[in-house]
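This report refers to the structure that appears directly beneath it.
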Amino acid sequence: MAKEYETVIGLEVHVELATKTKIFCGCSTAFGGAPNTHTCPVCTGMPGSLPVLNRQVVEYAVAVGLATNCSITQHCKFDRKNYFYPDNPQNYQISQLYLPICRNGYVEIETPEDDGLKRKRIGIHEIHMEEDAGKLIHDDWEGSSLVDYNRSGVPLIEIVSEPDMRNADEVIAYLEKLRTTIQYLGASDCKLQEGSMRADVNISVREMGAAEFGTRTEMKNLNSFHAIMHAIEGERARQIDLIESGEKVVQETRRWDDQKGMSYAMRSKEDAQDYRYFPDPDLVPVYISDEWIARVRANQPELREAKMKRYRESFGIPDYDIRIITDSKHMADLFEETVALGAQPKKVSNWLMVETLRILKEREMDAQDIGFSPKHLAALIALVDQKAITTTVAKEVFEVMFAEDVDPVAYVEEKGLKTVNDESELRRTVEQVIADNPQSVADYRNGKEKAIGFLVGQTMKAMKGKADPTGVNKLLKELL
């Protein structure tokens, strides 16, 4: 009988915090600057330079800890993690090992099951503050590597989960929950493609029912949910093959190649003692008072679960719409502000769920990159409600509004897009369409109701979308 195996997964999630400056110096954290332009003696590890802690980093770490049900370590400190690598200019990283700022938390996730949704609690072992390393840029053509230290010293929190996940679906649900929570807090934009959220996956397998964990490996280079899903599936299969062949799984760090769909060993997996941690002598301990924690707690925004509950009670839109809209705080804010301007909730939801999501997908953009204002979306909806423009024209205007945030009222006026209400002009156009399409006219008169749809379409085309389809349909039937 074939053995059954259980996958055991824990995650180390690194999140770049949304501070304007780095964790221990005043250099900019802005993404995309020319190489080595956001640097100074502190973040490039020059001798004699001294770090000074950015208070906002502590605020964000506490906020994330509170939102993930952690206890806050009120007396915490920084440690030096010693390792030698070209992207680490000091030859050590300032991190937290002994007294991380947050401990013993959890988040609730939901994953699909046959009879609905399964809820599960994923434990958070700790959250600690640390500095990011620089970035190595490999030139395979030249056979050389370059180092950009712009990212060196960018503030991170590392969220270390308990090994509570058992499949890729749970991992993705956990990551989505973290991402949404942190985005709602404003602590990070959590863009995987820009590296502001990165996940290392620790994975092992064991026989079903076994109490002992198997030997784990750590998977790196995972910069999308797609890569994470495939890496988990690939590593699970690789480890089972090794065990079935009588070989041992080696504790190591592996790099995932998403294009080739395979991983390869990078180095043996280090333990804490390999890094020779010791308290950082240049940084004083951090004391987080009860008052400080209370102030951060009082400033916490309404998080997604609370917002979803309020939407169900207040707006009367489908649960599916609520889930999609609240997945992004920016989209949720856009929805609420547009409704507050007088637009009907379901109509606002429709524009966000259909046209907005379509354009985001086409242009490979995130919801937080939406640039049009609630005022202009409300105005566009009002133009359609007033029958000042047709739905077809509204969609064309929306495309421009999405790209340039134009005022739809002014744009419609300027481009002459208002619905034509001139009865005589509409009648002349319909009469011409009837004359030009004798076969469709005959089909309709012979009982083929669908033929009227073609004639309506031809009329709308002739009117350049500026006629009311209901009025066109009515006039066609009258004249036929």
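The values are calculated or read from the model by the stated rules, or taken from the named source; none is laboratory data. Since we're looking at a predicted model, the values are computed, not measured. So basically every Cβ, Gly included, is an ideal-geometry build from the backbone, and we count neighbours across all protein chains shown.
Odds and ends about this structure:
- Restricting the range 193-237 to residues that are charged (D, E, K, R) and touching a Ser or Thr at 6+ places or on another chain (Cβ under 7 Å), the residue that is farthest from ILE9 (Cα to Cα) is LYS220.
- Just one of the listed residues (ARG358, ARG323, ARG267) is in contact with a strand residue (DSSP E or B) (Cβ under 8 Å, 6 or more places away or on another chain) and of a type in the set (D, E, K, R), namely ARG267.
- Selected residue (only one of VAL348, VAL339, VAL412 is at pLDDT below 95, in a helix (DSSP H, G or I) and not basic (Lys, Arg)): VAL412
- Options LYS22, LYS77; residue that is closer than 30 Å to ILE228 by Cα, in the same structural domain as LEU156 (by TED's automatic domain parsing) and charged (D, E, K, R): LYS22
- Lone unmet requirement of (1) under 30 Å from PRO285 (Cβ atoms); (2) surrounded by 16 or more Cβ atoms within 10 Å (Cβ to Cβ) for ASP148: (1)
- Failed item, numbered, when GLU4 is tested on (1) closer than 30 Å to GLU233 by Cα; (2) modelled with pLDDT of 95 or more; (3) surrounded by fewer than 12 Cβ atoms within 10 Å (Cβ to Cβ): (2)
- Of the criteria (1) over 13 Å from the mean Cα position of the chain (by Cα); (2) surrounded by 14 or more Cβ atoms within 10 Å (Cβ to Cβ); (3) of a type in the set (Asp, Glu), which one ASP114 fails: (2)
- The listed residue being crowded, with 16+ Cβ neighbours inside 10 Å, under 20 Å from SER152 (Cα atoms) and modelled with pLDDT under 95, out of ASN88, ASN54: ASN88
- Any hit, the range 254-263, residues being in a strand (DSSP E or B), touching a helix residue (DSSP H, G or I) at 6+ places or on another chain (Cβ under 8 Å) and of a type in the set (Gly, Ala, Ser): yes
- Residue match in the range 275-282 (condition: in the same structural domain as TYR98 (by TED's automatic domain parsing), in contact with a Gly (Cβ under 9 Å, 6 or more places away or on another chain) and part of a loop (DSSP other than H, G, I, E, B)): no
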